[in-house]
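For reference, the structure discussed in these notes is given below.
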Amino acid sequence: MRNYTRKLRNWAAIMPCLLIPFTPVPTIAQTIFHFDELVISGSHTPTNKNLTGSANTVLNAEQIERTGVIYAVDALRQVPGVTVSQSGPSGALAQVRIRGSEANHVLVLIDGVEMNSPGDGEFDFSRLLAANIERIEVIRGAQSGIYGANAHAGVINIITRSGRGEDGLTSHAFAEYGSFDTVTTGVGFTAGVGPIDMAFNIAHNRTDGFNIAPTGNEDDGSFNTTVTGKVGVDLNQHFRLETVLRVVDRMSETDNQFTQFVTDGNNRSDGRDVAGRVALLGEFMDGALTSKAQYSGSRTELVSFFGAPAFFFGSEATRLNYSWQTDYRFSSNMFGGTDHTITGFIEHETQQFFQFGPFAAPLLLGQLERDMTGIAGEYRIEFGDTSSISGALRHDINDAFDDATTWRLTGSHRLVNLDTRFHASVGRGVTNPTMIEQFGFFPPFVGNPNLTPESSISWDAGIEQAFHDGAFVIDVTYFSAVLEDEIVTRFILGASTPINLAGESKRRGVEVSANWNPNANWSFNGSYTYTHSEEPGGIPEIRRPNHQASASLTHNFADGRAHLTLNALYNGEMPDTVFTFPVAGTTILDDFFVVGVTGSFEVRDGVEVYGRVTNLFDEDYQEVFSFETAGVAAYAGVRVKFGHSAR
């Protein structure tokens, strides 16, 4: 329940924004070639979006900016098939699921570096600020045939800005302030000088937050500082060197969850993430043969404090990866002219994890380590610019589990005269048990070393139809997956432990997306997803609503200098877990409908003022049981851009 004082405070913060002229506001291409409308994560090599058989959504920098989000997870809410569950405010744990899967079934790449933690197998999206993101690609369906474990239900590929293709220096900065004493700032540059290109960005968000507990009056704040650097060098006509480094320093305040309901508590979690990549790319035979050798790694440190400094729990998870990929392209006269791509890929990965502190699980006081070697191949044929088929096969050699073989087949075909495209994919996905599931975590979570990997066969088929020369495009996709050996947590006498379920867990549903761009002044994007996700025996999976929808309407005016965007999000009712000692029960979370508005105005070339209001109608809702969400809030800021590409 939100009290009257909080509503007054939030509405007071909105008033300055209402005075603003509310007129709106893997890595590069995996080779050294340039492509348009790519889906980089949809294959071993860059693929034209319209020739990709797997269902996909691409969000570019302008779309992300127009939504006004601070954290990237809020941009993902508009993607069909994607469900977000956040435990309270920005900075709190944010899980992302695709098509009714678990969060550790979704592979997350940032600039070509795998970011899923070996500890729980997930990527916590509260760690990812939206500033500096160039594009987000979401590929739905089993991608283990390409990427192995963690790509069981899909891939989310995030690409940050780079100086590739620029000639000169462009700098940018922004600053904003708003509700809950929230300050967000950022500064950076991109540059290209001869054979060298580079990019640097630093972004910071700090907020006092609000009370995430249903009762009490203690605010729970957070901060996040992210630094990203990229350097690329064209060594000669054949070789290119690329480096990426990303560092995140973050903190979030939390409350107690020792009873059924969350209660006020002086708790916090401190984290630091470091990720990097070095790659040598080569191009030979006039571009017919390309190769890439890459070393990448990520480390996530997290320390949680419970009231007093002496009561803490910490963990560190590290992933190191070496890979080699070679691609050969050739053309033939078959079927009137076809383009072929054959890819060979091999990687070796080492995962390390350990816990520390007085509350660490006794079995994990030492460091755990496991290794995996993956070998994969892919063959793709493109029939002009209308059709494509692809097949991928991968074998993973695991030292901790049985070896796994996964695969994927895709197809896409366009009927040019009807502006109709058919697309489909089928594949086998695998997810290994996480180290926490194997060996335990913060008591009373007890590990299970006898777990076996989860596996599934999934498929989807869809029709994309364009009208009025592409001004209006609608896509309808049906998906289905049958999961075996699902890993779930069971609660017995105050303790919890993971087990493999016997039988089949089923996921099925429909995704609908629509894009309407009648002219340069108006644009509309909408999506709807129906998802049915259940354990064996028909028990509904938690935090997966049957119905979700989103819509965004943008109006550009004043000769393109002003923009106004109205966005809406609907989340249907869904089950969730209630922790009641000594067992756990379930409850149903109410559905919710959230509306926001953003606006910006370019006061002069390269200088733009903007503002936004979130949760415009002060909807009271929860995405995770007993964790409150923000009421109506408002923010205002300014963006500046200078340099050769500034408008």
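The values are calculated or read from the model by the stated rules, or taken from the named source; none is laboratory data. If you're wondering where the values come from, they're calculated on a predicted model, not measured in any experiment. Counting neighbours? That spans all protein chains shown, and the Cβs are built from the backbone with ideal geometry, glycine included.
Points to keep in mind about this one:
- Unmet requirement for residue 164, which otherwise passes all of (1) basic (Lys, Arg); (2) over 27 Å from residue 349 (Cα atoms); (3) touching a helix residue (DSSP H, G or I) at 6+ places or on another chain (Cβ under 9 Å): (3)
- Selection over the range 375-390 of residues that are within 28 Å of the chain's Cα centre (by Cα) and of a type in the set (Gly, Ala, Ser) gives a count of 4.
- When residues of the range 568-586 are limited to those that are modelled with pLDDT of 95 or more and among the aliphatic types (A, V, I, L, M), the one farthest from residue 75 (Cα to Cα): 574
- The set of residues in the range 468-487 being over 19 Å from residue 57 (Cα atoms) and buried (at least 16 other Cβ atoms within 10 Å of the Cβ) consists of 481, 483, 484, 485, 486, 487.
- Near pairs, Cβ below 6 angstrom, 6+ apart or cross-chain, from the range 617-636 (of a type in the set (S, T, N, Q)) to any residue that is at pLDDT 95 or above: 622/589; 629/621
- Beta carbons closer than 6 Å, at least 6 apart along the sequence or on distinct chains, pair a first residue in the range 312-335 that is at positive phi with a second that is assigned to a strand (DSSP E or B) for 335/383.
- Checked against the criterion of being hydroxyl-bearing (Ser, Thr, Tyr), modelled with pLDDT of 95 or more, crowded, with 19+ Cβ neighbours inside 10 Å and within 21 Å of the chain's Cα centre (by Cα), the candidates 533, 600 yield just one match: 533.
Yes/no per residue for (1) in a strand (DSSP E or B); (2) touching a Lys or Arg at 6+ places or on another chain (Cβ under 6 Å); (3) farther than 24 Å from residue 398 by Cα:
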site: 452; (1), (2), (3): no, no, no
site: 459; (1), (2), (3): yes, no, yes
site: 463; (1), (2), (3): yes, no, yes
site: 466; (1), (2), (3): yes, no, yes
site: 475; (1), (2), (3): yes, no, yes
site: 491; (1), (2), (3): yes, no, yes
site: 498; (1), (2), (3): yes, no, no
site: 502; (1), (2), (3): no, no, no
site: 514; (1), (2), (3): yes, no, yes
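- For residue 565, the stated conditions hold: it is at pLDDT 95 or above, surrounded by 18 or more Cβ atoms within 10 Å (Cβ to Cβ), of a type in the set (S, T, N, Q) and over 22 Å from the mean Cα position of the chain (by Cα).
- Hey, residue 640 surrounded by fewer than 21 Cβ atoms within 10 Å (Cβ to Cβ), in contact with a Phe, Trp or Tyr (Cβ under 9 Å, 6 or more places away or on another chain) and more than 23 Å from residue 520 (Cβ to Cβ) or not: yes
- Boolean, residue 543 is within 30 Å of residue 256 (Cβ to Cβ), of a type in the set (Lys, Arg), modelled with pLDDT of 95 or more and buried (at least 18 other Cβ atoms within 10 Å of the Cβ): yes
- Unique residue being in a strand (DSSP E or B) and within 13 Å of the chain's Cα centre (by Cα) when the list is 95, 78: 95
- The condition of being assigned to a strand (DSSP E or B), surrounded by 17 or more Cβ atoms within 10 Å (Cβ to Cβ) and of a type in the set (S, T, N, Q) holds for residue 254.
- Members of the range 211-265 found to be more than 19 Å from residue 279 (Cβ to Cβ) and out of contact with any Asp or Glu (no Cβ under 9 Å at 6 or more places or on another chain), listed by number: 257, 258, 259, 260, 261
- Every residue from the range 544-580 that is of a type in the set (Gly, Ala, Ser) and more than 14 Å from residue 596 (Cβ to Cβ): 549, 558, 560, 562, 572
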